[in-house]
């Protein structure tokens, strides 16, 4: 736990410094340095996304649980990592622009309320994914071919359920750019930040696939037990998220 | 199997990550080893500040008037009671109820939103520890030794070893 804490400290401090650097750099933009400064901001946003996603978050938990319990390949881990981060960025852009132009004031309060609603939707979807995975693993433990099609479908649902919650980190950068009237830069920063986040989430998926391979060798032809267990864990994750939103 | 069980335990940890950064500047007054007064200044990160200033500075003059400060106090600052103001005061391993605070004010400094408030804990400095951190890990409190002012004695700042979030501890020497 001490190592975890030291790592967490490093991640938090790096984010704190990058956050401060991005905001002061965006403020320093003028007509003369717009190109070089924008490139710098976008590069830092990528790094910020990479580190931001390295901190705790339910997206990685979901991806880790899914790939630990379901056979898959590295390509799919990348695909899912990027599907989650794209959904994350799109929802952040819609929420930010929507709230800013429709409501303008009471931004933070509305942002919190809307985040909670999104979190509830996400938690409900995760619960459904968990139930679906348990049911499908149990039902088709002997029908491997049929399972392949279902697996792809469940991957899309997982990506959507994790990504629907807008990333407050992306929202903050986008809003900051809107306030400073740097609209295009805001959208581009959200995209580059998402590319960074997608990479980190994909790495969580790859690590989980490695774990799955080891566990599958151990379980031999009873791999479906792992799949059911994974479904149960995803279900628990959904319930925990749902109750934590209700608690707040 | 062990790996999967560890993953279950990890679910609780994998919950949030900080999106708001608050620098904490404590100004401490000690008299006869008793902590008489601490004035805290919180400086929020520039991005979060810009979002909040947009709402708080109704007349958009770059300053907060009395009415605007009252709004911040009522609708934002007071709600932090729920989070114990991200500050746990511990005396002999017992977390204290957050003391009554005085002189709340809010202002803008270098594009950053600042909160200033004072507490009068009247606690023995030898037995007291002050921890900063958000248990939800949505806010990261940042405390550095150079942020602290103290009239008597010295302060030790250390990383706080929590299981679920990261924080700082302030100890009186």
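Read the figures in this text as sums done on the coordinates, not as results from a lab. Fair warning: this is a prediction, and the values are worked out from it, not measured in the lab. As a convention, Cβ positions derive from the backbone with ideal geometry for all residues, glycine included, and neighbour counts pool all protein chains shown.
General remarks:
- Using 0.36 nm per residue and subtracting the Cα-Cα separation, the extra length available between residue A:236 and residue A:35 on full extension is 67.6 nm.
- Computed [θ] at 222 nm, deg cm²/dmol, chain B (DSSP H ≥ 4; -39,500 (n - 2.57); rounded to nearest 500): -5000 deg cm²/dmol
- Cα-based shape type of region B:18-172, given that a ≥ b ≥ c are square roots of the gyration tensor eigenvalues and the cut on a/c is 1.5: prolate
- Separation of alpha-carbon centers, region A:162-217 and region B:100-173, rounded to whole Å: 31
- The ranking of B:59, B:93, B:159, B:131 from fewest to most other beta carbons within 10 Å of each one's beta carbon is B:93, B:59, B:159, B:131.
- Neighbour-count ranking [beta-carbon atoms within 10 angstrom, fewest first] of B:91, B:142: B:91, B:142
- The label point for residue A:25 and the one for residue B:135, both projected 7 Å from the Cα toward the Cβ, are 3.7 nm apart.
- The three principal axes of the Cα atoms in region B:74-148 give end-to-end lengths of 39, 29, 26 Å, sorted in falling order.
- Exposure proxy ranking, count of Cβ atoms within 10 Å, fewest first, for A:128, A:177, A:167: A:128, A:177, A:167
- Using R0 = 22 Å, the C-beta based FRET efficiency linking residue A:138 and residue A:75 works out to 0.20.
- Set of region B:110-150 residues, backbone N closer than 12 Å to the point 7 Å along the Cα-Cβ line of residue B:34: B:121-125
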